[in-house]
Amino acid sequence: MNTIIITIIVSFLLAMILGVLLGFFQKMFAVPVDERVAKVREVLPGANCGACGYPGCDGFAAAVAAGKAPVDGCAAGGAATAQKVGEVLGVSVSAENQVAVLACQGSKACAVQRGFYNGMHNCAAAHQAVNGTKMCSYGCVGFGDCVEACTFDALHMEEDGLPHVDYEKCTGCGMCVKTCPMHLFSKVPVSRKGAIALCSNHSENKPSIMKNCKVGCIKCGKCERSCPKKAIKLVNGIPLIDYMLCDSCNICVEGCPTHVLKLLENVTEKA
């Protein structure tokens, strides 16, 4: 009987000593927790899309609180979320919503197909294997890698063979920009006004461009010459617009012989 009582007492004392030691070491080796991480996490949309470059919203919250990620790095949340994150961290934010734009109009009706493709129906694979599915080697391959990458259901392949952006759903996360092997997508601010070139063909072979695509930029330079604000320059065969100068006069858009230039506000009219 005495042995049992002694055993219980010793066990109780050991438990107390271990508890005290555990508490001591917990305080001694405790890692400081930044309360801002939890607060930032609360204002994030929770999409876990990875567009910020971190493994989900938890990773981004920890990074932005540590100063390793930009305050406006959550593309899924847009400007509203950036503002909230800025309030948590006590910094000012001037972010604005962005959307994705496809710089290709080479639909089945406009672009000549290279031939019957019998490989993997994957844009990256087709581009690497046969340089795409169209005679225009700069055009959209059309297998929808971008659609698969979009976590917001904002991209859909249509019957014309091109991905179309639903600007009511697009958050400007940039996953399509990263995924497209042809680099046809770009992110632009919703509030931007002015023209945009919807072609990515850098070739200077005008006859080939006209033969392979009805809506390809033929490098005529008419847009550059006609712009009263001198806001357009042909760079690597593609019209680039200086939006600080562009006033959306529409002269370049109306004069473009292949309708490559369009007013951005019309392209993203649903945004």
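Condition first: under 25 Å from A75 (Cα atoms), polar (S, T, N, Q) and in contact with a strand residue (DSSP E or B) (Cβ under 9 Å, 6 or more places away or on another chain). Can you find one or more residues in the stretch 147-163 that meet it? Checking the stretch 147-163: not a single residue is under 25 Å from A75 (Cα atoms), polar (S, T, N, Q) and in contact with a strand residue (DSSP E or B) (Cβ under 9 Å, 6 or more places away or on another chain).
Note on the stretch 231-271: residues that are aromatic (F, W, Y) and not in a loop (DSSP other than H, G, I, E, B) amount to 0. Of all the listed residues (K84, K27, K68), the sole one being modelled with pLDDT of 90 or more and out of contact with any strand residue (DSSP E or B) (no Cβ under 7 Å at 6 or more places or on another chain) is K84. Just to be sure, is K39 in contact with a helix residue (DSSP H, G or I) (Cβ under 9 Å, 6 or more places away or on another chain), surrounded by fewer than 18 Cβ atoms within 10 Å (Cβ to Cβ) and either at pLDDT below 75 or in a helix (DSSP H, G or I) (or both)? Yes.
Residues that are at pLDDT 90 or above, more than 23 Å from I238 (Cβ to Cβ), under 16 Å from the mean Cα position of the chain (by Cα) and not hydroxyl-bearing (S, T, Y) occur in the stretch 125-144; there is at least one.
Of the residues making up the stretch 53-66, those that are open to solvent by 20 Å² or more (accessible area, probe 1.4 Å) and in contact (Cβ under 8 Å) with a residue 24 or more places away in the chain are A62, A66. Here V188 meets the list (1) assigned to a loop (DSSP other than H, G, I, E, B); (2) over 15 Å from C104 (Cα atoms); (3) of a type outside the set (D, E); (4) in contact (Cβ under 8 Å) with a residue 60 or more places away in the chain almost entirely, failing just condition (1).
Selection of the stretch 166-184 for residues being in contact with a Ser or Thr (Cβ under 8 Å, 6 or more places away or on another chain) and either among the aliphatic types (A, V, I, L, M) or closer than 12 Å to A103 by Cα (or both) yields M175, V177, M182, H183, L184. When H164 is tested against (1) outside any strand (DSSP E or B); (2) touching an Asp or Glu at 6+ places or on another chain (Cβ under 7 Å), exactly one condition is not met: (1). If the condition is being touching a residue at least 24 places away in the same chain (Cβ under 8 Å) and either of a type in the set (A, V, I, L, M, F, W, C) or open to solvent by less than 50 Å² (accessible area, probe 1.4 Å) (or both), then the stretch 107-136 contributes S107, A109, C110, A111, V112, C123, A124, G132, K134, M135, C136. If the condition is being out of contact with any Leu (no Cβ under 9 Å at 6 or more places or on another chain) and either of a type in the set (D, E) or surrounded by 15 or more Cβ atoms within 10 Å (Cβ to Cβ) (or both), then the stretch 221-234 contributes only K222.
Among the conditions (1) exposed (fewer than 14 other Cβ atoms within 10 Å of the Cβ); (2) not in a helix (DSSP H, G or I), the only one that A69 does not satisfy is (1).
The residues of the stretch 235-247 that are open to solvent by 60 Å² or more (accessible area, probe 1.4 Å) and closer than 16 Å to V260 by Cα, listed by number, are V235, N236, L240. If I filter the stretch 204-214 for residues that are part of a loop (DSSP other than H, G, I, E, B) and crowded, with 17+ Cβ neighbours inside 10 Å, do I get at least one hit? No, the stretch 204-214 has no match at all. For A80, the criteria (1) of a type in the set (A, V, I, L, M); (2) within 24 Å of P189 (Cα to Cα); (3) open to solvent by less than 60 Å² (accessible area, probe 1.4 Å) hold in every case but one, which is (3).
The values are calculated or read from the model by the stated rules, or taken from the named source; none is laboratory data. Please read these numbers as outputs of a predicted model, since none were measured by experiment. Here the Cβ is made from the backbone with ideal geometry for all residues, glycine too, and neighbour counts use every protein chain on show. For the accessible areas, the whole protein counts, side chains as well, though only heavy atoms, and no ligand, DNA or RNA atoms are used. Shrake-Rupley method; radii C 1.70, N 1.55, O 1.52, S 1.80 Å.
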